[in-house]
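Visitor: Quick one: the structure is below, and I'll ask about it shortly.
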Amino acid sequence: MKILICHNFYQQPGGEDVGFRTDIELLENYGHDVYTYTDHNERIEQMNPIKVAADTFWSTTTSSKLEKRIAKINPDVVHFHNTFPLISPSAYYVCQQKKVPVIQSLHNSRLLCQGSFFRDGSICQDCLNKKIQWDGILHGCYRKSRLQTSVVALMIGFHHLLKTWQQQVDTYIVFTEFYKKIFIKGGLPADKIRVMEQCIYSDPKIRKQYNGEYALYIGRLDTEKGAEVLISAWKQLPGIPLKIRGSGQLLNKTKEIIASCNLSNIQIVDRLPEDAIIRLIKNARFLIWPSLGFYETFGRVAVEAFACGVPVIASKTGVNEHIVKNNFTGLHFKSNDPQDLAAKVTWAWEHPEEMVEMGKNARKEFEAKYTAEKNYEMLMDIYQTTIDRKKKSRTKINSKIEL
């Protein structure tokens, strides 16, 4: 099978970039011809702001380049990971004109909300199922900017009017049943949404030593990720070491709190290569996943921990609750509750044998759901089903024309 995978890289690396690269590696390993079309937001710095806004709505540059790429490759399917902002939804129209099936992975909630369903420290659903996200614009939910939020929200509304989201994408991929329900509620066609658990392509193997040396947080240091909850909890945990690998808007504030409160048991770890990240996970007693956002699309770092045999202490909300099974692969704590997090961490630290068992269960969960083999089977089923449905639909249209 010939597959064209398209992706717009952000300026800050993230999980979508990992998903893009993982799919390429996975498919190539199974012998498929994989081609790519990419753009990068670093280019924005040299662009006129008006041109950036215009390309967000409809990129003629993408349309021209992608049309040539498809004509040269003649792919069986085109799989998009991110089109925002430079590739733009115009790419879907090129594919449909060339009669190539379109698949879009939904790595975030942008189509439904510019603030990841999180505003002013709590869950917000004001924009859910609204064609134009006026509340998001009013509150400047995208990058705390009304102007930038307006561009994104109006682009999404514009393509709602064109029925782009309903008609130009043949299949959407989401990563949990929980998120499938959210997108259906938000107006995407239920029959076009498929659930595919993400995988960890290179299996890191289960760790040999179970009793880790520290608690670990890996992720952005932002409010919605629970960074402030994490630090507040650790003010109550002077005897338990914590390592933090992450950056974000609250990085400097976090460092200031650590210094001013003399939290010597907290260490900020610099950016690491992938193999060093795995070692960091394997040497942890457990991972902390304190996200406040009810609508995290997936928890890749939690699954990486599972693969290593490391249990996860997660906030009891949304996807976190779906992935981490309480008292089986880890523990739940009340979302946005530092006291409850501190209590669960204390219990986990004082009950190492129970946490070892949860780590073993976590590895079994990984083997059952998140291996490359499982992921490949699901992905190929999605591709083939989409291709077959596209052919069937085209046959019906041709039959009507002949009549």
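The values are calculated or read from the model by the stated rules, or taken from the named source; none is laboratory data. As the structure is a prediction and not an experimental result, all values here were calculated from the model. Backbone-built Cβ (ideal geometry, glycine too); neighbour counts: all protein chains shown. All accessible areas refer to the heavy atoms of the entire protein, side chains included, with ligands and DNA or RNA removed. Shrake-Rupley method; radii C 1.70, N 1.55, O 1.52, S 1.80 Å.
Visitor: What do you reckon, is Asp76 touching a residue at least 24 places away in the same chain (Cβ under 8 Å), open to solvent by less than 20 Å² (accessible area, probe 1.4 Å), farther than 30 Å from Ile137 by Cα and of a type in the set (D, E, K, R)?
Guide: Working: touching a residue at least 24 places away in the same chain (Cβ under 8 Å): yes; open to solvent by less than 20 Å² (accessible area, probe 1.4 Å): no; farther than 30 Å from Ile137 by Cα: yes; of a type in the set (D, E, K, R): yes.
Criteria not met by Asp76.
Visitor: Can I ask one more? State which residue pairs qualify: first residue among the basic types (Lys, Arg) and inside region 32-44, second residue assigned to a loop (DSSP other than H, G, I, E, B) in any location, beta carbons under 9 Å apart, and separation of 6 or more residues or different chains.
Guide: Cβ pairs passing all conditions: Arg43/Leu86.
Visitor: Looking only at region 327-334, decide whether some residue is open to solvent by 60 Å² or more (accessible area, probe 1.4 Å) and β-branched (Val, Ile, Thr).
Guide: Scanning region 327-334, I find no residue that is open to solvent by 60 Å² or more (accessible area, probe 1.4 Å) and β-branched (Val, Ile, Thr), so the answer is no.
Visitor: Taking the criterion of being in a helix (DSSP H, G or I), charged (D, E, K, R) and in contact with a strand residue (DSSP E or B) (Cβ under 6 Å, 6 or more places away or on another chain), would at least one residue in region 351-366 satisfy it?
Guide: no
Visitor: Which condition number in (1) part of a helix (DSSP H, G or I); (2) of a type outside the set (Asp, Glu); (3) closer than 30 Å to Glu224 by Cβ is the one that Phe328 fails?
Guide: Unmet for Phe328, out of (1) part of a helix (DSSP H, G or I); (2) of a type outside the set (Asp, Glu); (3) closer than 30 Å to Glu224 by Cβ: (1).
Visitor: Now for a separate question. Could you look through region 317-326, keep only residues that are open to solvent by less than 50 Å² (accessible area, probe 1.4 Å) and in contact with a helix residue (DSSP H, G or I) (Cβ under 6 Å, 6 or more places away or on another chain), and pick out the one that is modelled with the lowest pLDDT? Break it down stepwise before answering.
Guide: First pass over region 317-326, keeping only residues open to solvent by less than 50 Å² (accessible area, probe 1.4 Å): 317-320, 323-324.
In the following step, the residues that additionally are in contact with a helix residue (DSSP H, G or I) (Cβ under 6 Å, 6 or more places away or on another chain) were identified as 319, 323.
Working: Val319: 86, Ile323: 92.
Filtering first and then ranking leaves Val319.
Visitor: Can I ask one more? With respect to Glu296, determine if the residue is over 20 Å from Thr346 (Cα atoms), buried (at least 21 other Cβ atoms within 10 Å of the Cβ) and among the acidic types (Asp, Glu).
Guide: Yes, satisfied.
Visitor: Can I ask one more? Could you please tell me which pairs satisfy a Cβ distance under 7 Å, a separation of 6+ or placement on different chains, a first residue in region 1-28 that is within 19 Å of Arg271 (Cβ to Cβ), and a second residue that is part of a helix (DSSP H, G or I)?
Guide: Phe9/Asp17; Phe9/Asn41; Tyr10/Asn41; Gln11/Asn41; Gln11/Glu42; Gly15/Arg300; Val18/Arg300
Visitor: List pairs: first residue in region 362-375 and more than 15 Å from Ser202 (Cα to Cα), second residue open to solvent by 20 Å² or more (accessible area, probe 1.4 Å) anywhere in the structure, Cβ distance under 6 angstrom, at least six positions apart or on different chains.
Guide: Partner pairs satisfying both residue conditions: none exist.
Visitor: Looking at Thr171, Thr164 in this structure, which one is open to solvent by less than 40 Å² (accessible area, probe 1.4 Å), in contact (Cβ under 8 Å) with a residue 12 or more places away in the chain and out of contact with any Phe, Trp or Tyr (no Cβ under 8 Å at 6 or more places or on another chain)?
Guide: Working: Thr164 fails: out of contact with any Phe, Trp or Tyr (no Cβ under 8 Å at 6 or more places or on another chain).
Answer to the selection: Thr171.
Visitor: Can you tell me which condition Gly157 does not meet? The list is (1) without any contact (Cβ under 8 Å) to a residue 60 or more places away in the chain; (2) open to solvent by 20 Å² or more (accessible area, probe 1.4 Å); (3) closer than 23 Å to Val94 by Cα; (4) out of contact with any Ser or Thr (no Cβ under 9 Å at 6 or more places or on another chain), and all the others hold.
Guide: (2)
Visitor: Filter region 141-154 for residues that are small (Gly, Ala, Ser) and touching a helix residue (DSSP H, G or I) at 6+ places or on another chain (Cβ under 6 Å); which is most open to solvent (accessible area, probe 1.4 Å)? First the steps, then the outcome.
Guide: Initial filter on region 141-154 (small (Gly, Ala, Ser)): 145, 150, 153.
Keeping just the survivors that are touching a helix residue (DSSP H, G or I) at 6+ places or on another chain (Cβ under 6 Å) gives 150, 153.
On the way: Ser150: 27, Ala153: 1 Å².
Only one residue fits best here, namely Ser150.
Visitor: Filter region 343-386 down to residues that are under 30 Å from Pro241 (Cβ atoms) and open to solvent by less than 20 Å² (accessible area, probe 1.4 Å), then give me how many there are. Can you show your working first?
Guide: Let us first name the residues in region 343-386 that are under 30 Å from Pro241 (Cβ atoms), namely 343-367, 370.
Still in the list and also open to solvent by less than 20 Å² (accessible area, probe 1.4 Å): 345, 348, 355, 358-359, 362, 365-366, 370.
Residues in region 343-386 being under 30 Å from Pro241 (Cβ atoms) and open to solvent by less than 20 Å² (accessible area, probe 1.4 Å): 9 in total.
Visitor: Which ones in region 190-221 are open to solvent by less than 30 Å² (accessible area, probe 1.4 Å) and farther than 19 Å from Val312 by Cβ?
Guide: Residues satisfying the conditions are Ile193, Met196.
Visitor: Also, quick follow-up: If you check every pair at least six apart or on different chains, which have Cβ atoms under 6 Å apart with a residue in region 338-357 that is aromatic (Phe, Trp, Tyr) first and a residue that is buried (at least 17 other Cβ atoms within 10 Å of the Cβ) second?
Guide: Trp349/Ile240
Visitor: Restricting attention to region 251-264, does a residue exist that is assigned to a loop (DSSP other than H, G, I, E, B), among the charged types (D, E, K, R) and open to solvent by 40 Å² or more (accessible area, probe 1.4 Å)? Give the steps one after another, and end with the answer.
Guide: Start the filter on region 251-264 by keeping residues that are assigned to a loop (DSSP other than H, G, I, E, B), which leaves 261-264.
Within this subset, residues satisfying the condition of being among the charged types (D, E, K, R) are none.
No, that holds for no residue.
Visitor: Could I ask something else about it? Count, please, the residues in region 250-296 that happen to be farther than 30 Å from Lys180 by Cα, among the hydrophobic types (A, V, I, L, M, F, W, C) and either touching a Leu at 6+ places or on another chain (Cβ under 9 Å) or free of Cβ contacts under 8 Å to residues at least 12 places away in the same chain (or both).
Guide: Count: 12.
Visitor: Okay, moving on. Is at least one residue of region 120-138 among the hydroxyl-bearing types (Ser, Thr, Tyr), closer than 24 Å to Tyr10 by Cα, out of contact with any helix residue (DSSP H, G or I) (no Cβ under 6 Å at 6 or more places or on another chain) and open to solvent by less than 70 Å² (accessible area, probe 1.4 Å)? Lay out the reasoning, then the answer.
Guide: Kept after step one, since they are among the hydroxyl-bearing types (Ser, Thr, Tyr), are these residues of region 120-138: 122.
Remaining after also requiring closer than 24 Å to Tyr10 by Cα: none.
The answer is no; no qualifying residue exists.
Visitor: Restricting region 213-249 to residues that are charged (D, E, K, R) and out of contact with any strand residue (DSSP E or B) (no Cβ under 6 Å at 6 or more places or on another chain), which is nearest to Ala343 (Cα to Cα)? Break it down into steps so the answer makes sense when it comes.
Guide: Quick first cut of region 213-249, residues charged (D, E, K, R) only: 213, 220, 222, 224-225, 228, 235, 243, 245.
Narrowing further to those that are out of contact with any strand residue (DSSP E or B) (no Cβ under 6 Å at 6 or more places or on another chain): 213, 220, 222, 225, 228, 235.
On the way: Glu213: 19, Arg220: 23, Asp222: 22, Lys225: 19, Glu228: 16, Lys235: 12 Å.
For region 213-249, the residue satisfying everything is Lys235.
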